[in-house]
């Protein structure tokens with residue numbers, strides 16, 4: 001556990017290196033839940049939660065001078081870039097092949113998770129209907145974001161880089177929470193902080209109480225938190241039972257953002273040094289695919305028009321748009337590619353399978369039974385091989401089959 005009293009006393013600015021991301025499914029849409037250490041996810045640079053609220057000058061006539069302003073709806077978005085961390089040590093297929101938070105992102109993106117075969121398999125046969133809480137934890141701050149859902153997943157499989165996914169979506173709101181100190185004997189449901197520190201604890205946020213020895217108070221034991229119900233100046237009121245272990249009169253106590261204990265996740269990036277891409281009917285065209293990309297988008301309708309809500313309201317989103325799965329790939333021109341290019345004019349679709357990792361062990365398999373590519377240009381460079389870029393859309397093979405993409409961790 002990090003040393004919260006030391007962080008409070010430090011004069012340093014916050015360090016970006018301390019960022020951690022947790023994600024946990026919610027029981028009720030938009031109602032925050034507390035992640036555990038097992039809900040941690042390894043992320044890459046660029047992970048973030050963004051909360052904005054436009055503000056404009058009031059149109060009231062006030063001469064040449066601005067007098068007041070009007071707030072608009074809030075907007076909360078998030079991005080989680082990550083490697084494909086797969087537990088390749090597992091002998092038998094099982095759900096432990098990927099992390100719980102990663103499974104959650106897949107289910108929110110694609111809709112259906114099937115584990116009858118042991119390992120999780122994802123397809124679009126069910127409409128996404130889960131939301132989750134994202135907690136972005138720093139050193140002297142944390143962002144607590146309920147009502148999150150995935151809107152897109154951009155998976156890239158470069159031949160000269162690392163395979164990864166950029167998950168992105170929206171959420172109901174986000175609370176920015178800090179650390180404060182109390183030097184009085186707190187009682188009832190209030191914690192009195194130092195001057196100016198009450199603003200670090202927005203109503204609705206989840207907090208813990210820590211003593212001067214960096215030990216959790218009995219009022220917020222491991223895995224638990226209190227919810228901030230009101231803030232008056234520097235007096236923070238929390239829910240739950242009457243505080244019984246928050247006396248800061250002899251040695252200080254600290255009110256801090258909630259943080260899960262002992263983060264744990266699979267740390268084994270499968271980056272594409274082993275794998276394959278096969279195009280049905282073409283035996284050699286796939287010997288050297290330079291890059292492959294899968295950009296899936298849910299096109300959810302965000303319910304940001306509900307009266308009385310300052311952000312997303314109601315059910316938060318409606319699956320009101322078509323699911324799109326765009327596929328890109330780049331290949332070199334060779335004799336078999338000529339046949340492939342000419343056959344694209346039929347627009348009948350191509351059956352493509354991608355494998356990430358060792359096919360004899362634990363790995364990811366992505367299947368597309370029908371991708372229809374647009375006919376690409378054939379630009380000729382000055383020297384070297386001749387790369388051709390393809391862009392296509394994945395289609396289901398029949399009405400209501402919802403089989404345009406299937407992701408299996410085998």
Most exposed to least, judged by fewest other Cβ atoms within 10 Å, 200, 290 sort to 290, 200
Relative exposure of 391, 262, 406, judged by other C-beta atoms within 10 Å (fewest first) | 262, 391, 406
Rounded to a whole number of µm²/s, how large is the Stokes-Einstein D of segment 180-245 at 4 °C and 1.567 mPa s, given Rh as the Kirkwood radius over C-alpha pairs?
-> 109
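With r as the distance between the Cβ atoms of residue 359 and residue 318 and R0 = 41 Å, compute the FRET efficiency 1/(1 + (r/R0)^6) and round to 0.05.
That pair, residue 318 with residue 359, gives E of 0.55.
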Mind giving me the FRET efficiency for residue 18 and residue 348? R0 is 41 Å, r the Cβ-Cβ distance, nearest 0.05 is fine.
-> 0.20
In terms of the Cα gyration tensor, with a ≥ b ≥ c the square roots of its eigenvalues, is segment 128-167 rounded because a/c is under 1.5, prolate because a/b exceeds b/c, or oblate?
-> oblate
Could you list 189, 65, 106 in order of exposure, starting from the residue whose Cβ has the fewest other Cβ atoms within 10 Å?
-> 65, 189, 106
Shape of segment 252-370 from its Cα gyration tensor (a ≥ b ≥ c, root eigenvalues): rounded if a/c is under 1.5, otherwise prolate when a/b > b/c, or oblate?
-> oblate
Alpha carbon centre of segment 187-258 versus segment 13-71: separation in Å?
-> 22
Length-normalised contact order for the chain - Cα pairs under 8 Å, 6+ apart - percent | 17
Could you tell me which of rounded, prolate or oblate describes segment 1-143, using a ≥ b ≥ c as the square roots of the eigenvalues of the alpha-carbon gyration tensor, with rounded for a/c under 1.5 and, failing that, prolate when a/b is larger than b/c and oblate otherwise?
-> oblate
How high is the FRET efficiency between residue 224 and residue 87 when r is their beta carbon distance and R₀ equals 30 Å, given to the nearest 0.05?
-> 0.50
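Suppose only helical runs count, i.e. DSSP H with n ≥ 4. What mean residue ellipticity at 222 nm does that imply for the chain under -39500 (n - 2.57) per run, divided by all residues and rounded to the nearest 500 deg cm²/dmol?
The per-residue figure over the chain is -2000 deg cm²/dmol.
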Say each of residue 60 and residue 268 gets a label point 7 Å from the Cα, pointing the same way as Cα to Cβ; how far apart are those two points in nm?
-> 6.4
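Read the figures in this text as sums done on the coordinates, not as results from a lab. The model shown is predicted, which means the values in this text are computed figures rather than measured ones. Note: ideal-geometry Cβ built from the backbone for every residue, glycine included; neighbour counts use all protein chains shown.
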